[in-house]
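Any read-out appearing in this document is the output of simple, stated calculations on the displayed coordinates, not a laboratory observation. Just so it is clear, the model here is predicted, and its values are computed rather than measured. As a convention, Cβ positions derive from the backbone with ideal geometry for all residues, glycine included, and neighbour counts pool all protein chains shown.
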Amino acid sequence: MTLPLLGLLVGKVVPLGPRRVLSGIAKTQVPDSVTLSETGFHGDVQGDPIRHGGPEKAVHHYPFDHYAAWAEGLGPHPLLSHPGAFGENLSTAGLSENTVAIGDVFALGTAIVEVSQGRQPCWKLNERFGTPAMARNVQSTGRTGWYYRVLQAGTVTPEDSLTLMERRSPEWTVARIWRTFYIDPLNRSELSGIAALERLADGWRSHATRRLETNKVEDWNKRLTGIG
């Protein structure tokens, strides 16, 4: 499977929304080649490096396939006229959370990347879209996108494609893990599988382990609203 890039984007940290919080979610198209290292694309910056970025979230991919559904639900919105609305680095058509799985390895330009985890939406999406429930809607629909770790650094251009090289755990799609975390959150069988999933980011494996140990679901309110 080879998919041409519809968008290759990076962003600087700028004030976002009415709260004027510093964020790198507003990304723009790269005009030429860009270097990809284990911590992400050159020139791509995060306003909150504790919760965003790092080796396990080096590259964010969001399917352009979802834009039509968002436009239908939200109505006309200028952010939905082109890739980049969700702070993604990569945009493609033909790949979704239902088909991509943890451990999928892709060639991207001269780099090699591996799916590491899904995206856990936060309240900055609310500020980005001017819609108070946007992060919650992204979470509830499962239209979250996902992250890659970088296995081999390289160079990427807007004309490059994403080519599937290997599938290490194809049964563990991003959608399957999303369903466990947010729809069936105390399913012990699924949580046990997630906790043992070798190519899943450590933070998400620990997330599943905590639920198994406590039999409780964490409070999502602060992450989704920025309040509390």
Quiz prompt | Among 162-172, 133-143, 15-25, the order from most to least packed when residues are scored by Cβ within 10 Å on average | solution = 133-143, 15-25, 162-172
Quiz item: If you average over every viewing direction, what projected area does the convex hull of the Cα atoms of segment 91-211 give, in nm²?
Solution: 8.2 nm²
Quiz item: What ranking do 108-114, 8-14 get when scored by the average of other Cβ atoms within 10 Å per residue, highest first?
Solution: 108-114, 8-14
Quiz item: Under 5 Å between amide H atoms, partner at least 5 residues away or on a different chain: which partners does Val10 have, H built in plane at 1.01 Å?
Solution: Thr28, Val30
Quiz prompt | Residues with amide H under 5 Å from that of Asp104, placed H, sequence gap 5 or more | solution = Val115, Arg168, Ser169
Self-check item: Amide hydrogen neighbours beyond the local backbone of Gly43, cut-off 5 Å, H modeled
Solution: none
Exercise. Let me know the charge dipole size of segment 9-119 about its Cα centre in debye, to the nearest 20, where only the beta-carbon of Lys, Arg (+1) and Asp, Glu (-1) is charged.
Key: 500 debye
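What is the projected area of the convex hull of the Cα atoms of segment 12-96, averaged over all directions, in nm²?
Convex hull of Cα atoms, orientation-averaged projection: 6.6 nm².
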Quiz item: Using the Karplus equation 6.51 cos²θ - 1.76 cosθ + 1.60 (θ = phi - 60°), what ³J(HN,Hα) coupling, rounded to whole Hz, does each residue of segment 104-115 give in order, writing x for Gly and Pro?
Solution: 5, 10, 10, 8, 9, x, 8, 8, 10, 10, 9, 5
Quiz item: If one computes the Cα centroid of segment 55-124 and of segment 156-228, what distance in Å separates the two points?
Solution: 15 Å
Practice problem: Subtracting the Cα-Cα distance from 0.36 nm times the residue separation, let me have the gained length for Ala69 to Asp32 in nm, one decimal. | Solution: 10.3 nm
Quiz item: How large is the charge dipole for the chain, taken about the Cα centre, if only the Cβ atoms of Lys, Arg (+1) and Asp, Glu (-1) carry charge, to the nearest 20 debye?
Solution: 800 debye
Exercise. Using only the Cα atoms, work out Rg/Rh for the chain, with Rh taken as the Kirkwood radius, to two decimals.
Key: 0.94
Quiz item: Cα convex hull of segment 106-172: mean projected area in nm², to one decimal?
Solution: 5.9 nm²
Quiz item: Build a GNM of the chain with springs between Cα atoms under 10 Å: which of Asp104, Asp202, Asp44 gets the top mean-square fluctuation?
Solution: Asp202
